[in-house]
Every structure is written in C-alpha cells, then in structure tokens.
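Below you'll find the structure, written out as structure tokens, and then a few comments.
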Amino acid sequence: FGMMGLAVDLGWSFFVKRAAQSAVDAGAMAAMREALVHGVPGTFTCGTAVGVYCAPTPLPCDTVLASPGTYLNLVSGCRYAEANGFTYNGHGNRQVVTIQSNDRSSPPPGAPGVNDVRYWVTLSITETIPQMFSAVLGNPNGRVTARATAGAAPECARCGRGARADRVLERRRLF
C-alpha cells in the first residue's frame, strides 16, 4: 500500500504541476501580447509606453487584480492564472501567484544568456500540496512551482518578414 500511496501523491503533484505550467505559459504570453498591442517600441524603457507596466520585483496577483488601471498589461497575465484555478492565497492559502516585468535594463529572471529583450514578463505559481499517503512517512506537504517568461526581442532580418519575437523565453519545471 505504501508504493500505491506514493504513486497517488506523486500523480496528483504531477497533475497540479502541469496545470500550473499551462497557466503560467498562457498568462506570460497574454501579458506580453497586451504590451505589444500598446506598443513596446524597439527603444522601449519603462515608464514611456501607455498601457505597459514595469514591475522589476514580483507583485502578488491579488494586488495587480485589485488595481487594474495601475498594472495595465500585467492584469491579463494574472487573469489567465485565475481562469485556470490559480489565485494568490488560493486553495486555503496554499497558492502563491506573482508577476513581474521590466525592460532591457535587467535581464529576465531564470533565462540566462537572454540579453537582447526590450521588454519581458515573468509569471510564477507555487502551490503547497498536502500529501495523503506520504504524510505517514513524515512528508506532510509537497510543493510544485511553475514559471514562464515571455519577451519581445528586436526585429531581425533573418527571422523572416521582419518577425517580432514575442515568445516564451523560459519555462521552468520544478518539483
């Protein structure tokens, strides 16, 4: 029964991790696309574009959603997380959902070597998962984390037809 219990706990953690990763992927891209709609020019610096917010340190999504007129494009990212079942202090205070963004003055967190990005958005979800069977062995909680970063890179000639590279720069899968 012990192995079956371990399989149930790991299976549930895997399921939550996949759902969280899908939510952060979609949320980071939504916030990035919203920034592109409002015009992140090639020489973008924080504070110069209407509709684009820079948050160099992570902001809790409940703060962002409480003041949509302030946090502008970041609201889209937090709403995607919320629509997928992830809210700040959700599931009995077991979820933490944060979002951050900046211009090229600081590199995107967790995306080493990506230096030529004019604007980026990172959405992170962490959830503490109570363990059913593993708790007997002294492991009462598991923890899953998902993070995705989307960014706008300058247009390049070899990208084809002046492609704007709004893309997911980094996906981190952690257990």
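Scan region 119-133 residue by residue and report those that are open to solvent by less than 10 Å² (accessible area, probe 1.4 Å) and either under 24 Å from M3 (Cβ atoms) or at pLDDT below 90 (or both). Y119, I129 - these are the residues of region 119-133 that are open to solvent by less than 10 Å² (accessible area, probe 1.4 Å) and either under 24 Å from M3 (Cβ atoms) or at pLDDT below 90 (or both). For the residues G85, G51, the requirement of being in contact with a His (Cβ under 9 Å, 6 or more places away or on another chain), within 22 Å of P130 (Cα to Cα) and not charged (D, E, K, R) singles out G85.
Listed by position, the helices (runs of 4 or more DSSP H) inside region 9-115 whose residues that are within 17 Å of A148 (Cβ to Cβ), within 13 Å of the chain's Cα centre (by Cα) and hydrophobic (A, V, I, L, M, F, W, C) number at least 1 are 61-66, 74-83. Return the pairs, sorted by first residue and then second, in which the second residue is outside any strand (DSSP E or B) and charged (D, E, K, R), the first residue lies in region 88-115 and is over 17 Å from Y53 (Cα atoms), the beta carbons are less than 6 Å apart, and the residues are 6+ apart or on different chains. Final answer for the pair search is Y88/D62. The number of residues in region 13-36 being open to solvent by 60 Å² or more (accessible area, probe 1.4 Å) and in contact with a Ser or Thr (Cβ under 9 Å, 6 or more places away or on another chain) comes to 2.
Taking the conditions exactly as written (open to solvent by 40 Å² or more (accessible area, probe 1.4 Å), modelled with pLDDT of 95 or more and either closer than 23 Å to N102 by Cβ or small (G, A, S) (or both)), does P68 satisfy them or not? It is false that P68 is open to solvent by 40 Å² or more (accessible area, probe 1.4 Å), modelled with pLDDT of 95 or more and either closer than 23 Å to N102 by Cβ or small (G, A, S) (or both). Restricting region 37-51 to residues that are open to solvent by less than 20 Å² (accessible area, probe 1.4 Å) and in contact with a strand residue (DSSP E or B) (Cβ under 7 Å, 6 or more places away or on another chain), the residue that is modelled with the lowest pLDDT is V40.
Of the residues making up region 131-150, those that are in contact with a helix residue (DSSP H, G or I) (Cβ under 9 Å, 6 or more places away or on another chain) and either assigned to a strand (DSSP E or B) or among the small types (G, A, S) (or both) number 12.
The values are calculated or read from the model by the stated rules, or taken from the named source; none is laboratory data. It should be emphasised that the depicted structure is a prediction, and the values quoted were computed from it without experimental measurement. Every residue, glycine as well, gets a Cβ built from its backbone with ideal geometry; the counts of neighbours run over all protein chains shown. Please note that ligands, DNA and RNA were not included when accessible areas were found on the heavy atoms of the full protein model with its side chains. Shrake-Rupley method; radii C 1.70, N 1.55, O 1.52, S 1.80 Å.
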